[in-house]
Amino acid sequence: MIQTSLHWIDSTIVIVSILLAVIVGVYFSKKQKSTSAYFAASGKIPAWAVGMSMFATIISSVTFLAYPGAAYGGNWILLVQGLMVPIVLVGLIGFIVPLYRKVIKLSTYEYFERRFGTFARFYSSVAFILENFSKMGAVLYLMGLAMAMFTGGVDITTIIIAVGVVIIILTYLGGMEAIIWMDVVQGFLLIAGGLITIIMLFILTDGGPAAIFSIAAEYDKIDFGPYTMDLVHTTFLVMVLNGIFYAVQKYGTDQSIVQRYLTAKDDKSAKKASYLGVFMSVPAWALFMFVGTCLFAYYHINTGILPEGIKDDEVFPFFIATEMPVGIVGLIIAALAAGAISSIDSSINCISACVVEDYYSRIRPNASDKSKLWVGKISVLVVGVGSILVALLYVSWGGEGVLGSLFGLYAIISAGIVGIFLLGLFSRRANWQGLYIGIAAAVLFTAYAVLTSKPFDMGGGEKKLLIDLGEWNFKHSTYMLGVYSHLIVLIIGYAASFLFKTPLCDKSLTIYGYLEEKRMQKN
């Protein structure tokens, strides 16, 4: 990996931008007197700020690095997943947002319990926690890996710990209100980082934008194919199907988004915030895809500049380090750090909210709000330190290795979350007995698919399948795994519900109650 030293101006910009998070946390610390304030900002944040926070949380430093690398090495097919988000959610947000604001106190998974019982709540909550520990570790690790390229003598471990500690301080002191306002700043910083990069590439590329678009057209870089009916490889069809469930998963089952619905002043503001978050995300994803396309054109014209053997996801950091002027480098790196902070602080706060609502409140149902707040803050510390440890394990085991294999297993025990949500939303007939049969089927299928398709680290650098069934191994794209598990829960859960005689569920917990209320309002 290429390593360079930062100019003191760039170092100052990066350090100041990171320390800003501490200042914001301290500023809002005096307001954190209740769990409502700490986890939901007392429901008083303006819609535009909540929407910006949703956007910044979804657009992490992984997007900052992965999307340019993917577009540089291939085309824009990864963007297809993101394009499905507004298409799927335009109709659903109008119902999902008021449903959650009416049904839950704090935890998304309270809805799952009211619809299908205690097990559904814990199953979904555990899945969210496992997924986010995996994500937080990966985001910190990738951020540290990229920043280590620019800082010369500062190693990745020091960077991870330093940024991790800042994130913990921000989250512990300032609660959700500090997180949201910091996300606003970081969201603008992310956008600025992408725009500045494209402007610089336009200026530095011989022939300017015309040459970039010409090369992009010649090599099909701004393309979403292949367009075959192939489910084995990453095709347009695969990404469309995956994107449909990704959209519902983020805005219908993800605590880090649903919790933000509660921070808005009313249902109307929460809906506006959600639409803003959705419609800002797609242009931002496209922006960073275009960065990768511009980088391809730049290095295609300037052949021989890239070091031998450089990986696709290292090209953008290399360009920043070698071509950007002093000052701009600092802003770009600050944007990279901002992406990590805005994603991880949200995950820490939201996991802690789940700890308080899904677990502590059940153990101590009569606990005071003061004790819940104390548990929430202790959880922030524990979860924050845990995320740093996960990132350091990635460092020790080479990013993937044993840890990647271990976290790959979480898919087995958390299969079909979106299927549970859709089943509860669209079927009054579905019951907990049928759902549990659907979950069991999804877990068995996912175990088969993961164990027969994902090579696991066996130690000593050796990787192999835990179960090899030859021609019967799962061969479809890994992007299809989630699609199948959700469909299994949805279809088998619904069908199995007819085996058990139970009354129809409360209409207000489904989309039918919402539609009936709308009809009554019109009349």
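Per residue, what accessible area does the chain have, given a 1.4 Å probe and all protein chains present, in Å²? Can you show the working numbers first?
Values: 20880 Å² over 523 residues.
I get 40 Å² per residue for the chain.
Using packing as a proxy for protection, rank 226-237, 182-193 so that the peptide with the highest average count of other Cβ atoms within 10 Å comes first.
Result, highest mean Cβ count within 10 Å first: 182-193, 226-237.
How big is the accessible area of Lys33 in square angstrom, nearest 10, if you roll a 1.4 angstrom probe over the protein chains?
150 Å²
In terms of modelled amide H atoms, which long-range or inter-chain residues lie less than 5 Å from the amide H of Gly327?
Answer set, sorted by chain and number: Asp10.
Pulled fully out, how much extra length does the chain show between Ser214 and Leu469, if you take 0.36 nm times their separation in residues and subtract their Cα-Cα distance?
87.1 nm
For the range 130-136, what does the Karplus curve 6.51 cos²θ - 1.76 cosθ + 1.60, with θ = phi - 60°, yield as ³J(HN,Hα) per residue in whole Hz, taken in order and with x for Gly and Pro?
Each residue of the range 130-136 in turn: 4, 4, 6, 5, 4, 5, 4 Hz.
Per the Kirkwood formula on distinct C-alpha pairs, the Rh of the range 284-355 is how many angstrom?
14.5 Å
Residue by residue through the range 224-239, which ³J(HN,Hα) values in whole Hz follow from phi under the Karplus form 6.51 cos²θ - 1.76 cosθ + 1.60 (θ = phi - 60°), with glycine and proline marked x?
Values per residue, Gly and Pro as x: 10, x, x, 9, 6, 8, 9, 9, 7, 9, 7, 10, 4, 4, 4, 6 Hz.
Cα-Cα over 30 Å: which of Lys221/Lys463; Lys311/Lys475; Lys135/Lys463?
Violating the 30 Å Cα-Cα cut-off are Lys221/Lys463.
If you count only protein heavy atoms and use a 1.4 Å probe, how large is the accessible surface of Arg114, to the nearest 10 Å²?
Near enough 120 Å² of accessible area.
Can you return the lysines within cross-link range of Lys30? Criterion is Cα-Cα under 26 Å, with same-chain partners fewer than 8 residues away left out.
Lys44, Lys105, Lys265, Lys370, Lys372, Lys377
Of Trp76, Trp472, Trp48, which has the most accessible area with a 1.4 Å probe, and how do the rest follow in descending order? Intermediate values should be presented prior to the final figure.
On the way: Trp76 25, Trp472 190, Trp48 130 Å².
So the residues, ranked largest to smallest area, are Trp472, Trp48, Trp76.
How big is D for the range 198-280, in µm² s⁻¹ as a whole number, if Stokes-Einstein is applied with the Kirkwood radius of its Cα pairs at 37 °C and 0.692 mPa s?
Values: Rh = 16.5 Å.
The diffusion coefficient I find is 199 µm²/s.
Using modelled amide H (1.01 Å from N, peptide plane; none on Pro or chain starts), what sits under 5 Å from the amide H of Leu466, excluding residues fewer than 5 places away?
Residues meeting the criterion, in which the H sits 1.01 Å from N, are Phe456.
Of the heavy-atom accessible surface of the chain (probe 1.4 angstrom), what whole percent is carbon and sulfur?
Working: 13900 of 20880 Å².
With neighbouring chains kept in place, the figure for the chain is 67 percent.
In whole Hz and in residue order, list the ³J(HN,Hα) couplings for the range 191-200 that follow from phi through the Karplus curve 6.51 cos²θ - 1.76 cosθ + 1.60, θ = phi - 60°; x for Gly and Pro.
4, 4, x, x, 5, 4, 4, 5, 4, 4
Tell me the accessible surface of Asp313 in square angstrom (1.4 angstrom probe, heavy atoms of protein chains only), to the nearest ten.
80 Å²
Please list Leu106, Leu466, Leu83 in order of solvent-accessible area, largest first, computed with a 1.4 Å probe with all protein chains present.
Most to least solvent-accessible, the answer reads Leu466, Leu83, Leu106.
When the expected Rg is taken as 2.2 N^0.38 Å, what fraction or multiple of it is the alpha-carbon Rg of the range 153-228?
The value comes to 1.73.
Translational diffusion coefficient of the chain at 25 °C, 0.890 mPa s, Stokes-Einstein with Kirkwood Rh over Cα pairs, in µm²/s as a whole number.
Estimated via Stokes-Einstein, D reaches 102 µm²/s.
The values are calculated or read from the model by the stated rules, or taken from the named source; none is laboratory data. Nothing here was measured: the structure is a model prediction, and the numbers come from that model. Note that we place each Cβ from the backbone using ideal geometry, even for glycine, and neighbour counts take in every protein chain shown. Side chains are part of the model used for accessible areas, which takes the heavy atoms of the whole protein and leaves out ligands, DNA and RNA. Shrake-Rupley method; radii C 1.70, N 1.55, O 1.52, S 1.80 Å.
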